[in-house]
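Below is one structure, written out as structure tokens; the observations come after it.
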Amino acid sequence: MNDPHIWWYLTRASALIAWVLMTMSVLWGILLSTRVMRRIDNPAWLQDLHRYLGGLTLLMVALHMVTLMLDGWLQFSLAETLVPFATDFKPLAVSLGIIAFYILFAVQATSLVMNKLPRKFWKGLHYSSYVALLLVALHAGWTGTDVGAWWYRVLAIVLIGVATISVSVRIITGTKTGGASKPDSAKSSTPPAEELRPAPLQRETRTMVVGSISPVADDVLAIRLLPLGGGQLPVWHPGAHITLHLPNGLERQYSLCGDPAERTHFDIAVLKTVTSEGGSEWIHSSLTPGMTLEVSGPHNHFELEPANEYLFIAGGIGITPIKGMIESLPERRKWKLVYAGRSRTSMAFLDELLERYPDRIEVFASDENEGTLDVYALTSASKAEVYCCGPESLMSSVASFVPAERMHLERFIALSRDSIIPAAPIEVTCKKSRKSFVVDSDESILEALEENGLPIIGSCKKGVCGTCEVRVVEGKPIHLDSVMDDEEKDRLKVMYPCVSRAESGKLVLDI
Ligand code: FES
């Protein structure tokens, strides 16, 4: 501290460290969002690293600014440090650095509350960190005291090179995604950290050709769908489902069960149910290779969130979304699958999964065991994130033993949920279209929205598929659907108007 130049050294060092950290943070975010790291491993703590690098960058920038003020030679005032063009010393170059600081601050601050912000706004702001990186490079090249030094030039070339290549890769891969026949609407496998919420549901359909149909278990057909005319399909993430629009007028949702990295086809598996209302029955009896089908989606309400350890529990055909999740995980990720079914011959993909992951799968076939699966023993010793799909009895049993914050369920059939509040008329205001109307007590909000010409589509109309999702601007919905946890819907401010009502008697919807 006796060295009069100490603040000068510190301001130079902190600036360089901030530049390095920022470049690493952007690079890391791009590696995560493009899934380049999938084959290596990207457990949750590495995803957090992206955030930590951003936070540390901001700290270093703050240190750089403080030490600029403390340095006896430059003697920057507070205004000169915080207000663009307030200094006489290289005003444009200094201002670029100040603007970069504000962008960084905004990116970091909004990331802390990203769940409370509109997705597009947060994402757009997050991408502005590329601009900040460019401003920092200009600022460093223009104001840096060490610009003439050989090591500074080497460092600058490396940092600018890394940033340029990373951003180019992100732009190219982003363009590929957007160039598919329909925009991406799904979210989060080992999901890119910035894609933890699905984009608004898309209504368009695409024509697909049935490429192959093959039996994979008793009464279960594996079906591969190819885009008509070829090309790449939209990016999707594990847990996503598509909707088949069948020629008999029915719409049915099926989970994607292939590898999310494969963009040339969709794989689904269809169980012929005894209670079929004409969906699975038609598929099993009438669908043949070469036929075309209208398909919408993918949509996702069962997203695989980043974690260090997973426990998957699948019952019967509930293996389909789970299989997609397993396919997406890095090879060294810790996970275990408990797969239950009536008999081994009724369990789709069982042989394939056992062959590939013999040490990670526990099979419970009812015809080989007395009694039922001991869900308590399975779940009580585990601290893993639990993903469960299957019969309602299995899911409610698992949910009764696993804390809600670690529990993830996907339902195929609607829960029986009666409103504790008597059905009453609801005053609905549609903010974007500026329409208001009253929904009668015996009418669904979805029906009223459709009647009033609002751009919304329902599919199952039972609160299962999630197609009719709409954002709530004001009012408290009574959730009567089976799509996600009610807390999750409230957190995301969404509702499913095909079955849900409103506690307040008033709703303002973002439609
Ligand atoms: S239409 Fe399926 S959840 Fe509303």
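Just a few scattered comments:
- The longest part of the chain holding none of the exposed loop trypsin sites (Lys or Arg not before Pro), meaning those outside H, G, I, E and B in DSSP with at most 12 other Cβ atoms within 10 Å, is 1-202.
- Cross-link partners of residue 123 among lysines, defined as those whose alpha carbon lies under 17 angstrom from its own and excluding same-chain residues fewer than eight positions apart: 187.
- Taking the stretch 426-509 and dividing mean pair separation by its residue count, relative contact order in percent (alpha carbons under 8 Å, at least six apart): 38
- Cα-based reach from residue 432 at 14 Å (exclusive), listing aspartates and glutamates while leaving out same-chain residues under 8 positions away: 474, 510
- Interchain or long-range residues, amide H under 5 Å from residue 313's placed H: 338, 387, 388, 389
- DSSP bridge orientation in the stretch 426-509 - percent antiparallel, rounded to nearest 5: 75
- Working note: Karplus 6.51/-1.76/1.60 with θ = phi - 60° gives the stretch 499-508 the couplings 10, 7, 10, 10, 6, 7, x, 9, 9, 10 Hz, where Gly and Pro are set to x.
- For the chain, the relative contact order comes to 11 percent (Cα pairs under 8 Å, sequence separation of at least 6).
- Relative contact order, percent, the stretch 6-172 [alpha-carbon distance under 8 Å, six or more residues apart]: 27
- Helix 319-328 vs. the chain, principal-axis angle (Cα, 0 to 90°, nearest 10): 30
Quick note: the coordinates plus some simple rules give every number you see, no bench work behind them. If you're wondering where the values come from, they're calculated on a predicted model, not measured in any experiment. Backbone-built Cβ (ideal geometry, glycine too); neighbour counts: all protein chains shown.
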